[in-house]
1. For residues that are among the small types (Gly, Ala, Ser) and assigned to a strand (DSSP E or B), scanning just region 130-182, find the one that is modelled with the highest pLDDT.
2. Which one of the conditions (1) touching an Asp or Glu at 6+ places or on another chain (Cβ under 6 Å); (2) modelled with pLDDT of 90 or more does residue 215 fail to meet, given that it meets all the rest?
3. Being surrounded by 14 or more Cβ atoms within 10 Å (Cβ to Cβ) and at pLDDT below 75 is the filter here, so list the residues in region 16-58 that pass it.
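The values are calculated or read from the model by the stated rules, or taken from the named source; none is laboratory data. Given the structure is predicted, the values throughout are model-derived calculations rather than measurements. Don't worry about glycine lacking a Cβ; one is built from the backbone with ideal geometry, like all the others, and counts go over all protein chains shown.
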Amino acid sequence: MLARSPARSHHLQSLPFPCCPIVCSTSYLFEWDNGTDLTLAGHGTIDGQGYKWWWQFLLNKIPGDRKRPGLVYMTSGTGLNVANITLRNSPIMHMHFDNITDDEDPPFMQLAPSELAGIQKWAEEETAAGAIPMLPFNTDGIDPGVGAKDVFIKNLTAENFDDVIAVKPCNGDCAGMSMLCTENIVVENSKIFLGVGLSIGSVNPKDPTNCIKDIVFQGASFK
């Protein structure tokens, strides 16, 4: 599911559609469950090669229930750090995490990628190569989900044609989650181009886990 671009020493790519869609459409490129003190960093690019996935979704040609792979998913962890990377052209959400917190002082999971998506730049490259321009579907930037707590997202540059940050409650089966409120999340100094914006909610909550609190957005610019 992962390939290295021969032309770029720090450029990792998902395999494009149809990369064994039964496998690729049900998973994330990077996925952590119950991790501690994990870091994803490196001044490079992770490219989901979403162009064909978006077309196949539009044309209803993805088998089964039309699931698509994301790029990064983290659940049930502490001390997670994401920094200085570019997430690009995910078939669906670029980054999603839930049921995570940090017990450090100050208590924040550091999440500071240097760039997110870059879909417009990529679309221009495809158009120059003769491909038909295609807007993506459901390509949220970063989705803090149920139980995400004590998270600091800073210095984010985003261009993704959907929610840049979407803070969400539980909207499915949350059995076994140790934390059921999405809370204490700070997002600062974001630069947003061609994105839907910064949102709270965006999905229907499931009782009794209807809880989002103490969310702060500050220093954001929109162009």
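1. Result: 166.
2. (1)
3. Those that are surrounded by 14 or more Cβ atoms within 10 Å (Cβ to Cβ) and at pLDDT below 75: 16, 17, 18, 19, 21, 24, 25.
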